[in-house]
1. Taking the Cα-to-Cβ direction at residue 215 and at residue 161 and moving 7 Å from each Cα, how far apart do the two end points lie in nm?
2. Mind sorting 36, 200 by how few other Cβ atoms lie within 10 Å of their own Cβ, fewest first?
3. Here are labelled values, [x] 19.4, 57; [y] 22.8, 79; [z] 27.1, 86, and one is the computed Rg and Dmax of the Cα atoms in Å for what I pasted. Which one?
4. What does a probe at residue 182 reach in region 218-257, counting residues whose amide N is under 11 Å from the point 7 Å along Cα→Cβ?
5. If neighbour count is taken as other Cβ atoms inside 10 Å, put 70, 166 in order from fewest to most.
6. Tell me, in nm to one decimal, what length is gained between residue 137 and residue 39 on full extension, where the rule is 0.36 nm per residue of separation less the Cα-Cα distance?
7. Modelled label-to-label distance, residue 91 and residue 111, 7 Å Cα→beta-carbon offset: nm?
8. Measuring from label point to label point, each 7 Å out along Cα→Cβ, what is the residue 206 to residue 189 span in nm?
């Protein structure tokens, strides 16, 4: 069973999971981003990158100056992860999932539970380099949460902090309790259906049939205001009932509906 580290939250909720779609770059928007975990090593490539670029932590508001929330994730053994670890894998990705030189993340998410990028045996092939130009570290992206067997909450404790919040070293504190992710509750599914229909009506009135990522970003605030006004009580109740952030829940509902 493979184990991975996720940085940014110690609790996983299916209510806050963002579906996968194309983003500004070759990286997708949404999904759950992970790095492989080796219990025999303190070093983790993503945490070490954050130690030198702490503005990313402050931008996401996930570091209080004391610790950074994280969790260890164990996938089910039969999880179908597309592995990109050499030029032949990259060529396969390019041939089947990159129309117009852009990775088709929606199609990938329908056929795989996730994708894993490992750069050790990938050459600097100029014909395929465009696919990886926006990735700088080995990464795994989960397209859904159903492939997770269990997870453990934890925190990263930075040490030797200097400059603008950079840190020289870090340790991990991982809880022993193994947690499973509950299925989506019916009240959430009902609200999703209503919000999706509500947003479709708004887009229909604007004669909009499809949206690019940039257009979604531009129209987001207008849509968010209308959704918040119309569904405020239902969203607030759902957030309180399932112990999630009302702001994050609202944003997730709208972003998923705009895909």
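Taken together, the values in this text are just the output of simple stated rules run on the coordinates, not laboratory data. Note that the structure is predicted; figures quoted are calculated from it, not measured. Heads up, the Cβs are rebuilt from the backbone with ideal geometry, glycines too, and the neighbour counts pull from every protein chain shown.
1. If labels sit at residue 215 and residue 161, their model points lie 4.4 nm apart.
2. By the 10 Å Cβ count, ascending, the order reads 200, 36.
3. [x]
4. 241-244
5. With the fewest neighbours first, 70, 166 line up as 166, 70.
6. Working: separation 98, 0.36 × 98 = 35.28 nm, distance 1.89 nm.
Stretched fully, the residue 137-residue 39 segment lengthens by 33.4 nm.
7. 1.7
8. Inter-label distance under the simple model: 3.0 nm.
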